[in-house]
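Have a look at the structure below, then the notes.
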Amino acid sequence: MRIHRIKLCNYRGVSQCEVTFPVQGVTIIEGDNEIGKTSLSEAIDLLLAERDDSSKQRVRAVKPAHKDVGAEVEIELSTGPYRFVYRKRWHRQRETVLDILEPQRSQATGREAHDKVRAILDETLDETLWEAFRLKQGAQLEQAAFAGGSLGRALDKAAGGDTTGDREDDLWERITAERERYWTATGQVKADRTTLATRVADANARVAALETALRSLDDDAAAVDRLCDEAEVLLERKNAQEKSAIALVAQFEAIQGRRSDVARLEGLRDTALAKRDHVLGISNVRAELTQRVVDTAAAVVELEAQVAGARPARQEVATRLHTVQQEFEAMKVESGQAEIAQRRATADRDFLRQQIEVAQLSERLARATDAARRRSEAEAVLDSSRVDDALVARIEAAGIEVAKAEAAAATGAATIGVEAMADVDLEIDGQADALLGGTTRQLMVDGSTEVSVPGLITVVVNAGAEAQALADRLAEARATFRATCEEGGVNDLAEARLAATERNEGARTLVETAKSITDDLRDLTADALAQKVASLTARIARYQQERPTEPPVPATHDAAELVAFEADADLQRRREELERLEKDLTRARDDMQALELGDASNGARLEQAQIAAAHEQRSLTEARGVMPDEAIDTQLADAEATLSARAAELSEAQSQLAAQDPETVEELLRNARAVQARLAGELHDNEVNVRELRTKLSLLGDEGLATQLDMAKSERAHLTVTHEQVEARATAAKLLFDTFARRRTEAHHRYVAPFREGIESLGRLVFGSSLGVELADDLSISRRTLDGVTLDFADLSTGAKEQLGMISRLACASIVATDGGAPVIFDDALGWSDPRKLERMGAAISKAGRSCQIIVLTCTPGRYASVGDASVVQLAS
Amino acid sequence: MTKFLHTADWQLGMTRHFLADEAQARFTAARIEAISTIGTLAMEEGCSFVVVGGDVFESNQVERQVVLRSLEAMKSTPDVTFYLLPGNHDPLDAASVFRSTTFLDNRPANVVVLENSDPVLAADGIEIVGAPWPNKRPLVDLVADAVTGLPSDGTLRVVVGHGSTDSLSPDPNNPALVVLGDLEAALAADAVHYVALGDRHSTTEVGGTGRIWYSGAPEPTAYDEIDPGNVLIVELSPDSVIVERRHVGTWQFVRREFDVTGSEDCQKVEHFLEDITDKARTIVKLSLVGQLSLADMDRLEAALGHASDLLGALERWERRCDLVALPDGDDFEGLGLSGFAAAGLEDLRALGAGAGEDSLVARDALGLLYRLARTSTS
């Protein structure tokens, strides 16, 4: 279908509007809101769908509000072979006029016209497609359903006429259903088939089990036969065995006989042996006794010799002892004497020393006493002295002060010089002072000085204040001096000095004496020292008294020491000698003792030996009396002979026994018995086994295993066949499905290829060269791939959806255009797209416009500014 | 002159796996029936006894019910004595059915088991000498052993044996082979007068004496038997023997091969199946070789399905490869497939044209497609 021209009159708010469209290409109708753009689109619908007498709301709605006239719409369109002009007026002066221009001129009015148009449209227009091509603002984010319909047919044609219809689709469904009988959606074996396979396996197992059981049963039957044969053999062997055993038994008995003989002979031999041993014993005893007699006699002889030999030694020792003893005694005496000498010498020495000591001590004492005296003197001096160096110094100082003060006073003071022309008696300050004629006296006036010649004049000179002061000072100094002197109990410095010197001397003496006392007394008190002296003196006196005169006392202490020293040495010498001699003595005594002991024991032994010898001799004599030696010898010889005879007999019998090889016979017999026992055991086991097997067989026989096996085999055969058949059908269904599915998908791809390519070609203008889309069976876009990323359509952005939606309609329109199709009408679409995309969409629209009729209604001129090759119609009111 | 009935290879308890349960039950029943039939026949013909030459039971381990039923069947004709010989299927070993408690407890008086080769007096002046199998693999010619040392003293003797004979089945490795020469010698020496053999399921004469026979099984057991379903009525006198064959079998085994290359051939098969009498007791094995269009295949399948419901059993072709369904243009044209369906069809055709497992599957797929497509359009 193509729209050539639309005209609106009194349609809503539009009084008049006519737009002509080129048959192919983009027409952009621009106008503000409410100018009637949407009305154009709406009008087409109304015109084609609603009869002029319709009272539907949507018809009533288009009646102009401000005029009492009917709305009018006229359209000129081509569809299929038809081209016509169609006009309607609703509401007032209703009218429907149809003027068919092609293929044949004809006219119609009213209902007939309406019906005719409907018929034409039914015949030539794909309504669904026409609807899909109307893109309204904000509504079309869903995809158009193009499947079936004219797009489908166009694609069919494009696909080379190799179209399929309902028949094929129906068949495809059946094929799918058939497949589902055997396979799950994911291509797995369905449960029933698996179950069937399991049943086959079970049937196999059961057959195998039964076969095994039967085989085992056969084996058992064969085993019974075999066991019976074995039993026969065993029985034969048993009998043979018994026969051979008999001979062995006889042999064995014979051997037993021989054995008892041997035993008997052994007994005899043992008796003979015992007897011989007994006699031998007696003989031995005799021999021993004889020997002992000899031995004891010899012992006696030896001992006697020993005793004799001991005597001389003893003599010698005795002599020695005696000598030593004498020497010892002598030395003892000498020793005593030496001791006395020594003691005396020592005492002498001590005595002399004491004398010296006394002298020394006395001296000391005297010194000490003297020192004590001096000391007390000094002390007295010190005590009385009140002047020490310090005081002296003070006195000196005070003296100096006085001198100073005097000097000061003298210089400052008034002086009176009295010159005596003749001798005069003066009184100076009341002090009579006679002056010789020609002498002068200088007097200082301190304070007031009175010089008077008594009875004549009295001159009082008062010192001036300063002089007073000086005089005061002088007086003061003098006072001080005097005081200080008084302190020391002296009158002047010289005295003081003297006193001080005395004092110092006294002090010195004190120290000296103290030292002297200390030296002399040392650690003793004086009393003690005195006492010591006294005692020593007493001792000396005593000693002098007691000492005998001979030998004389040495003269000096030194000499006494020498004598003492010599006496010590002498004493020491003698003592040592004494010790040595003592040792010798002890040794000699010990030796003596030992010898004596030896002698004693020897004597005892000799006595004993003699007794023993006598005893033995007696015994021998007695024994010989009972049985002489010869008799014993004879007996022994006899016994030996008997023993040899018996032994020979025994040996003979033993070798005969050995010749019979008794061990072997015994062994054989034992073995034979064992074999018999074993055979009996085997026979018994055999019996038991046979019995068991027979029982088993009889029980199993009742079960009818063979029949069971047959039935199992039969069932297995059935199942196997069924299974194979099912499997064959399953495989066939799968192959059929897979083959057809493949072809179907190919066909689909081929089929949708033009459409897809159309979409991609337009889409690449907008999205870029990497764009790819996938189409679903219903020809909607299922996925978009861009820059390697594939997204489902539902996951795309709103803008992308809008763009793709428009592109798919454009592509579709391009394809169906050759066969009629319908115009694409956008009523302000692309609201979601950004300016850049808009620009590109413009290019896409332009491209599509080259093959179909596109009408764009917009109130935003800029939106479609980038659509080249577009005719623009401005609608103005 | 004595008259007796010679039969063998009853193989009671035999099952055939291709028989469905219902048919198997009837099959088994028929074989028990046969015993009664034999008993009745023996009585009608005035036979003194019946000798069963081995393989009385299918195995020593048949189920009790079989033993009981067969003994009961023999019991129903108490005047006829049945002499049973243990054969290779039911040898007299430790597990022998003839010594089981079930058998021993329920054996009627007119059932005698030949347990050794001692002559048994069956009736006046006639002895039976059996050569029972002591185990499954005997190492000697049992019949020859049984016959050795039999005197020719005027007593009629019937030897009952089981196994292959060297003249019919020479096999140097089989020590149990029955040597014809020994038998003929014994016959010539007048020690024995008839040898009743079992093991072959078809009635067969052995040698030229006319006195050595296999009676065959009373009911057929397999497809390759030449003459089954018989018993022999033997009239024996010292210098003559008359052997009469009597058919007692009720079932039949039929096997046929068909070349099938078109709808005509299919019709032939259908006719053949229809023409079978007593379908319920017929077991048919068809070997079909050739190729058919899918349509014909469908039709043939339907016919075979129908037949198998009526027959005792219908064994189909053992291997699928024998009959090939090759779809031709007609098959699919009517369906008018186009587009991917047509392409898919072509793929399958191409795949199915070759040989090998994949081609088989492809042809099956084509068959499936055919069926599915037909239901679509209809």
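Bear in mind these aren't lab numbers, they're just calculated from the coordinates by the rules spelled out. The structure displayed is predicted, hence computed values, not measured ones. Virtual Cβ from ideal backbone geometry, glycine too; neighbours counted across all protein chains shown.
Extent along the principal axes, Cα only, for segment A:708-797: 79, 25, 19 Å, with the longest axis given first. Taking the longest Cα principal axis of chain A as reference, the axis of helix A:166-182 is set at about 40 degrees. Electrostatic bookkeeping for B:Ser169 treats Lys and Arg as +1 and Asp and Glu as -1; over the other residues with beta carbon under 14 Å from its beta carbon, the sum is -3. For peptide A:729-742, the mean count of partner chain Cβ atoms within 10 Å of a residue's Cβ comes to 6.
So what is the orientation-averaged projected area of chain B, using the convex hull of its C-alpha atoms, in nm²? It would help to have the intermediate numbers written out before the result.
Values: hull surface 91.8 nm².
That works out to 22.9 nm², a quarter of the Cα hull's surface.
Let me know the shape class of the protein assembly as shown, please: from the alpha-carbon gyration tensor, a ≥ b ≥ c as square roots of the eigenvalues, rounded when a/c is under 1.5, otherwise prolate if a/b is greater than b/c, or oblate. Oblate, because a/c is 1.5 or more while a/b does not exceed b/c. With point charges of +1 on the Cβ of Lys and Arg and -1 on the Cβ of Asp and Glu, referenced to the Cα centre of the protein assembly as shown, which listed residue (B:Ala313, A:Val23, A:Val97) lies farthest in the positive direction of the dipole? Among B:Ala313, A:Val23, A:Val97, the one farthest towards the positive end of the dipole of the protein assembly as shown is A:Val97. Straight-line reach from A:Lys696: taking Cα to Cα under 25 Å and skipping same-chain neighbours fewer than 8 places apart, the lysines in range are A:Lys713, B:Lys136.
So, in Å, what gap is there between the alpha-carbon centers of segment A:207-236 and segment A:248-281? Taking the Cα centre of each part, segment A:207-236 and segment A:248-281 sit 61 Å apart. Axis angle, to the nearest 10 degrees, between helix A:149-158 and the longest C-alpha principal axis of chain A: 90 degrees.
Summary of the geometry: segment A:512-556 and segment B:202-259, compared by the centres of their Cα atoms, lie 184 Å apart. Can you spot the aspartates and glutamates whose alpha carbon is less than 16 Å from A:Lys190's alpha carbon? Ignore those fewer than 8 places along the same chain. Within reach: A:Glu178, A:Glu180, A:Glu724, A:Glu727. Each principal axis of segment A:1-102 carries a Cα extent, and these read 36, 31, 18 Å when sorted largest first.
What lysines does A:Lys583 reach when the alpha-carbon gap must be under 19 Å and sequence neighbours fewer than 8 apart in one chain are set aside? Answer for A:Lys583, where 19 Å is the Cα cut-off: A:Lys332, listed by chain and number. Indicate the gyration tensor shape class of segment A:689-738 (rounded, prolate or oblate), computed on the Cα atoms with a ≥ b ≥ c the square roots of the eigenvalues: a/c under 1.5 is rounded; otherwise a/b larger than b/c is prolate and the rest oblate. Prolate, since a/c reaches 1.5 and a/b exceeds b/c.
Most simply put, the protein assembly as shown has about 55% antiparallel DSSP beta bridges, counting only bridges with both residues inside it. With the Kirkwood sum run over all distinct C-alpha pairs, segment B:93-218 has a hydrodynamic radius of 15.4 Å. Using the alpha-carbon atoms, what tilt in degrees (0 to 90, nearest 10) does helix A:798-817 show relative to the longest principal axis of chain A? Roughly 30 degrees, rounded to the nearest 10. Label segment A:566-720 by shape, choosing from rounded, prolate and oblate, from the square roots a ≥ b ≥ c of the eigenvalues of the Cα gyration tensor; if a/c is under 1.5 it is rounded, and otherwise prolate applies when a/b is larger than b/c, oblate when it is not. Oblate.
Peptide B:59-70 has a mean of 5 when you count, residue by residue, the C-beta atoms of other protein chains within 10 Å of its C-beta.
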